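Accompanying notes for the structure given below.
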C-alpha cells in the first residue's frame, strides 16, 4: 500500500499527465488514447504495480529457503504420495495449464463439485479454497493430500513412506537441515510447508495491461496509446459503470473476500454451503493459524488476528471467494463450479444477472449491467489483456 507521501506524489504526477493529455475535457487527445480523467487514472494505477513484493507468511518459517522450495517442487509432482499411487498435486494443478486442469470441476473420488483454481499468485491470498476453509497456504496444501475424495493418503502412511525410503529421508533432512520429527503429523505438516514454499514461487507474468498502467504512471502517452482502444474502453467500464473493481481490486484484481455472485450453489446431493461451510471447517481445524503448527505462534503472526475474529453468519451461505483475474485466458472454465466456459459467458452472466436470487441482507454490490453488445465486447477485450 502506498504511503501518504507516495500517494500524494503519484496523484500530482497523474494531474500533470492529465493536464498534458487534456484529461477530463471529454475530448480524446489522440487516436490511440482515451480521455481518462485524473480519477480514472488513479483507479487504474491502483491495479498495480506488478509483480508485487514477495509475500511473507509468519506461520511458515521455511517459505524462502531454496532447499525447501526444491523439495516442495519434487513433492508436488510425486504421485506415490496418494493412496493409489496415481494422483499428484500436479495432476489437478498442471503446470502446462497455468496450474489448473481445464475441467469444469475437479476430478477425484466423486468429489467434483468445484472448479480447480489456478495456483499462480496463490501465496498472495488471505484465505484459501473457494470456501476459505484454510487460512494458510501450507494448510491448504495438506488438505487434498489427506482428503478421501482427492489423494486420500493417511498421515501415518505418508510418514512411513518417508521414514522407510532412504532417498526421501535424505531429501527431507537436507531440506530442513534436521532429523525427521518423531511425530508423524509434524513430519507431514513439514512436507505441506515445503509444498507451500514451492507454490509461493508461482508468479504470473506481466501483461499488456501492466505496460499500459506503467505508461500512465510515467506520463508516457505514446506508450499508453499502444494499448488497444477496445481494451481501454473496457477498462473504463471495469473501474466505472460496471463496478467490477469494487470486488476485483488491487494488483491481483481481487479483494480476497467472498461474495454471492448469482451462480446457483445447488449440487447433486443438496447445496454447496460455500463460505459458511468453509468457516465451520477453518474455525475447528488444528491446522489454522491459532493452532500449534503456526511457526511464529498466534501472537507473533499478524494474520492470526483475522482468524481469531471470524464469525459465521447466515449471509455466508452460498458465498465463494472472489478470484484474481490475472491469466484469465489460460484458466477457463470460470466460477466456483466451472459453469461458464468463456469470458463472453462470464460477462453475459453479470449483464443478465438475476438479482432476485442474491442475498437480501447487507449492501448489495452486484446489479444487472445491461450492457450494449459493443460494451460487452470491450469488457472482454480488457479482460483478455490481463493475460500475457
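The values are calculated or read from the model by the stated rules, or taken from the named source; none is laboratory data. Quantities reported herein were computed from a predicted structural model and do not represent experimental measurements. FYI the Cβ positions are ideal-geometry reconstructions off the backbone, even for glycines, and counts take in every protein chain you see.
Look through 38, 15 and report the one residue that is surrounded by 12 or more Cβ atoms within 10 Å (Cβ to Cβ), over 30 Å from residue 193 (Cα atoms) and at pLDDT below 50.
On the way: 38 fails: at pLDDT below 50.
Unique residue meeting the criteria: 15.
For the stretch 119-128, does any single residue satisfy the condition of being without any contact (Cβ under 8 Å) to a residue 60 or more places away in the chain, buried (at least 20 other Cβ atoms within 10 Å of the Cβ) and within 21 Å of residue 250 (Cβ to Cβ)? So far as the stretch 119-128 goes, yes, one or more of its residues are without any contact (Cβ under 8 Å) to a residue 60 or more places away in the chain, buried (at least 20 other Cβ atoms within 10 Å of the Cβ) and within 21 Å of residue 250 (Cβ to Cβ). The C-beta contact set for the stretch 161-180 (first residue under 20 Å from residue 62 (Cβ atoms), second residue surrounded by fewer than 10 Cβ atoms within 10 Å (Cβ to Cβ), distance under 8 angstrom, 6+ apart or interchain) comprises 173/179. Residue 273 - would you say it is closer than 30 Å to residue 37 by Cβ and either in contact (Cβ under 8 Å) with a residue 60 or more places away in the chain or crowded, with 17+ Cβ neighbours inside 10 Å (or both)? For residue 273, the condition - closer than 30 Å to residue 37 by Cβ and either in contact (Cβ under 8 Å) with a residue 60 or more places away in the chain or crowded, with 17+ Cβ neighbours inside 10 Å (or both) - is not met.
Screening residue 81 on (1) more than 20 Å from residue 175 (Cβ to Cβ); (2) surrounded by 20 or more Cβ atoms within 10 Å (Cβ to Cβ); (3) at pLDDT below 95 shows it passes everything except condition (1).
Name the residues in the stretch 231-264 that are under 19 Å from the mean Cα position of the chain (by Cα) and either in a strand (DSSP E or B) or more than 25 Å from residue 204 (Cβ to Cβ) (or both), would you? Walk me through how you get there before you give the answer.
To start, the set of residues in the stretch 231-264 that are under 19 Å from the mean Cα position of the chain (by Cα) comprises 238, 244-261, 263.
258, 259, 260, listed by residue number.
The set of residues in the stretch 344-368 that are at pLDDT 95 or above and either crowded, with 19+ Cβ neighbours inside 10 Å or under 16 Å from residue 240 (Cβ atoms) (or both) comprises 346, 347, 350, 351.
Just one of the numbered conditions (1) in contact with a helix residue (DSSP H, G or I) (Cβ under 8 Å, 6 or more places away or on another chain); (2) in the same structural domain as residue 239 (by TED's automatic domain parsing); (3) over 29 Å from residue 205 (Cα atoms) is not true of residue 343: (3).
This table checks each residue for (1) crowded, with 21+ Cβ neighbours inside 10 Å; (2) out of contact with any helix residue (DSSP H, G or I) (no Cβ under 6 Å at 6 or more places or on another chain); (3) within 30 Å of residue 352 (Cα to Cα).
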| position | (1), (2), (3) |
| --- | --- |
| 132 | yes, no, yes |
| 135 | yes, no, no |
| 142 | yes, no, no |
| 167 | no, yes, no |
| 199 | yes, no, no |
| 228 | no, yes, yes |
| 238 | yes, no, yes |
